[in-house]
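Written out below as structure tokens is the structure these notes cover.
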Amino acid sequence: MKHLAIFSAAAALALTLPGCGLQPMYAGGGRGAVAQGLGAVTVPAIEGQSGWLMRNALSDRMAAGGTSSPLYRLDVRLDDKLQGLGLLSDDTVTRERRTLRARYQLVELSSGKIMLDATAGSDAGIDVVSSEYAVIAGEQTALENLTREVADQIVSRVALRLRQGK
């Protein structure tokens, strides 16, 4: 009896979803409007190692729908900070926080109009251990993970903007 009630409630919910106006973001797959729009975004070089990682991550995500002639440019400025947090009595740092923030603008190439001006960011904690190599590897891994996370945030916002149209 309990299973029948759960099933009927789920069926009623499923019947109401088409009327709510929700649509998949990437409807049409690689040939859909959003994927085609993302394929028309060019990302110029970004300064520094974090910029190189970010440009590659953004280009990989935006080219998934195929590439077409550029209609938009995505300008990105990064702020990458590494900050010591935990201190021992001898002023030795035991924990670090890496913060990556991005300010980005989506510019329509034909008119120079700024279609989107936003920020994205994330941070990660890093344990500082006695091995300098392990600390450097931890800092590098944190940067790579933060870059992917921030790139996902940027691409999601750009996709939403492109879906809305001009």
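Taken over segment 34-62, the residue count meeting the criterion of being more than 22 Å from L82 (Cβ to Cβ) and not hydrophobic (A, V, I, L, M, F, W, C) is 8. Candidates in segment 113-159 are the residues that are among the hydroxyl-bearing types (S, T, Y) and within 19 Å of K81 (Cα to Cα); of these, the one that is surrounded by the most Cβ atoms within 10 Å (Cβ to Cβ) is T147.
Since every read-out is calculated from the coordinates, none of them should be taken as a lab result. Predicted model only: the values in this text are computed from it and were never measured. Reconstructed Cβ throughout: ideal geometry from the backbone, glycine too, with neighbour counts over all protein chains shown.
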